[in-house]
């Protein structure tokens, strides 16, 4: 089970905000995840890029060969019949 500890990075050290993990004096390998995401793109530009990608995908017409989407999905996912149920 993974646990998350909140900390503040100051220079080369972390200061624990609330609970600190149990640790010894030996070096501890840590992973830091930045919770604030800044992709550098504002929302309008991101929406425009997503729209362009979806238009290109639609133009490829890649799913036109699928005559029965439900059967195709079952084959793809390799669904199994559930007990005591009819199709």
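Remark: pairs (first residue in segment 16-27, assigned to a strand (DSSP E or B); second residue modelled with pLDDT of 70 or more; Cβ separation under 8 Å; 6+ apart in sequence or on different chains) = 16/5; 16/6; 16/7. Of the residues in segment 37-52, none is loosely packed, with under 10 Cβ neighbours inside 10 Å, at pLDDT 80 or above and in a loop (DSSP other than H, G, I, E, B).
Taking segment 1-10, which residues are under 16 Å from residue 33 (Cα atoms) and assigned to a loop (DSSP other than H, G, I, E, B)?
Correct list: 2, 3, 4, 5, 6.
The values are calculated or read from the model by the stated rules, or taken from the named source; none is laboratory data. Because the structure is predicted, anything quoted here is derived from the model rather than measured. Cβ sites come from the backbone with ideal geometry, for glycine too, and all protein chains shown count toward neighbours.
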